[in-house]
Amino acid sequence: MSIVVRDVREHELDSVLALNNAAGPAILPLDATRLRYFFEHAEYFRVAERDGTLAGFLIGMGSGAEHDSSNFCWFRERYPEFFYIDRIVVASRRRGGGVGRAFYADAQSYAELRYPHMACEVFLDGTNDPVLLFHGSFGFREVGQHVMSETGVRAAMLMKPLCSYPWVYETYGGALPEVSWLLRPRTALAHVAPRATGTCP
């Protein structure tokens, strides 16, 4: 059956938390408070459904967000504007079935109208070659490495240029047409203007 990517619903947060914390060492664990913060503040928080069940989720935010991740701060110290993928998790039984690619296609279709780059990281723990290959095949390239102060884990810092953005920006600036397919995911948060101060040191 097809993969449906849509905004997360509040009653699904317990399932999202369980998915995250069962994902293994490639994903940092979450607690309910941190997940609630993402639900209330993340610019992009979507889930994938396949065969009527939750198959994964992706959380992302723009460079103006208030976010204390040291990886996010690393990017913000070096790049003025980007869309940051904080985490993507696919249920173990759904891996290799196209869910990750569906998420990245959806996230890019959102981000390329608003940001010049997409950014993310992959932990370099010796077992993540398939994850690096996946990102490389999707156009991401390493722009540096960073040892996370909160965990001591080294991460490859990846970025992908979004080639549609310059044309969109030159044509529309910050005022995209008011058509339904351009609405932000999580329209209830659309009125919240990005704040450039953030929580990075």
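Applying a 4.7 Å Cβ-Cβ cutoff to the chain leaves CYS120, CYS163 as cysteine residues with no disulfide-compatible partner. Here the contact order of the chain, divided by its residue count and restricted to Cα pairs under 8 Å and six or more residues apart, works out to 23 percent.
With contributions of -39500 (n - 2.57) from each DSSP H run of at least four residues, the per-residue ellipticity at 222 nm computed over the chain stands at -8500 deg cm²/dmol. What region 1-125 shows is 42 Å² of accessible area per residue, with the surface traced by a 1.4 Å probe over protein heavy atoms.
Whole-percent P(r), region 116-167, all Cα pairs, 5 Å bins from 0: 5, 21, 26, 22, 13, 8, 4, 2. Listed values (i) 65, 49, 31; (ii) 43, 38, 34; (iii) 63, 44, 38 include one computed from this model; for Cα extents along the principal axes in Å that value carries the label (ii). By the compact-protein rule of thumb, 2.2 N^0.38 Å, the alpha-carbon radius of gyration of region 1-74 corresponds to a ratio of 1.13. As a fraction of the 1.4 Å probe accessible area of the chain, surface on carbon and sulfur atoms comes out at 55 percent.
For region 1-44, the C-alpha radius of gyration sits at 1.24 times the compact-globule guess of 2.2 N^0.38 Å, with N the residue count.
The values are calculated or read from the model by the stated rules, or taken from the named source; none is laboratory data. Remember, it's a predicted structure, so these values are computed and weren't measured experimentally. Using ideal geometry, Cβ is built from the backbone for each residue, glycine included, and neighbour counts are taken over all protein chains shown. Just the protein is used for accessible areas: all its heavy atoms, side chains included, with ligands, DNA and RNA removed. Shrake-Rupley method; radii C 1.70, N 1.55, O 1.52, S 1.80 Å.
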